[in-house]
Amino acid sequence: MPVGKRPIVVPPNVKVELKDSEIYVSGPLGQLNMKIHPQVDVLLEDNQIKVKEKSPKAKKFRGLMWALINNMVIGVTKGFEKILEVRGQGYRAQKTKDGIQLFVGFSHPVNFVIPKGIDVDIRQAPNPDDPKTPLTEIVIKGIDKYLVGQVAANIRKIKPPDRYKGKGIRYKGEVIKLKPGKKAVSAT
């Protein structure tokens, strides 16, 4: 059965409401709402959410709406998290009252303001490449999957990983294929 045709099971601690072509999902971690696409019908029956298209051409919207609603249900029950690693000698991050401050090789620290609805923690973790120097990890948590991913991407964009040494900000588990540097030419 295609993913979009499966019903979304609503956990007992989650409340779902349909009002004026909008869906409201509230749970233990918070509340999210979203407009329903006009070519899709969303039905709530017996603690299950069913998504149906209004025309045969709207199949793509059925799958999209199913995934977005499913992410809302997961977000208000479990939440989402992304982890970034700050790698490089002297590279670090620290929390400030309205966001985080990054020291990533520029002549000045970079201040990043964290949007409402996102929690950020900064912790030290062991470095798999060099056990002597710990890594700084930035943990981004929230109930909105899109917002968590966008904040992580915006922080990574401040200093993406260098292709020669691997210094910079990267996702945890991201593999950076390093380019070889200039090789010394031997005189014959």
Item checked: Evaluation of Gln101 against (1) over 30 Å from Thr136 (Cα atoms); (2) touching a Pro at 6+ places or on another chain (Cβ under 6 Å) (one fails), failing number -> (1)
Check: Can you tell me which residues in the range 19-38 are open to solvent by 40 Å² or more (accessible area, probe 1.4 Å), farther than 14 Å from Leu68 by Cβ and either in contact with a helix residue (DSSP H, G or I) (Cβ under 7 Å, 6 or more places away or on another chain) or assigned to a strand (DSSP E or B) (or both)?
Finding: Lys19, Pro28, Leu29, Gln31
Checklist line | Top-ranked residue in the range 42-60 [being surrounded by 17 or more Cβ atoms within 10 Å (Cβ to Cβ) and farther than 9 Å from Gly4 by Cα; ranked as modelled with the lowest pLDDT] | finding: Ala58
Note to self: Can you find a residue that is within 30 Å of Ile8 (Cα to Cα) and not polar (S, T, N, Q) anywhere in the range 94-113?
What the structure shows: no
Check: Which one of Gly79, Gly90 is in contact (Cβ under 8 Å) with a residue 12 or more places away in the chain and surrounded by fewer than 18 Cβ atoms within 10 Å (Cβ to Cβ)?
Finding: Gly90
Margin query: I need the strands (runs of 3 or more DSSP E) fully contained in the range 108-185, keeping only those with at least 3 residues that are open to solvent by 30 Å² or more (accessible area, probe 1.4 Å).
Written below: 110-113, 118-125
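The values are calculated or read from the model by the stated rules, or taken from the named source; none is laboratory data. All of these numbers come straight from a predicted model, not from anything done at the bench. No Cβ is skipped: glycine too gets one built from the backbone with ideal geometry, and neighbour counts run over all protein chains shown. Accessible surface is based on the protein model in full, side chains and every heavy atom, while ligands, DNA and RNA are left aside. Shrake-Rupley method; radii C 1.70, N 1.55, O 1.52, S 1.80 Å.
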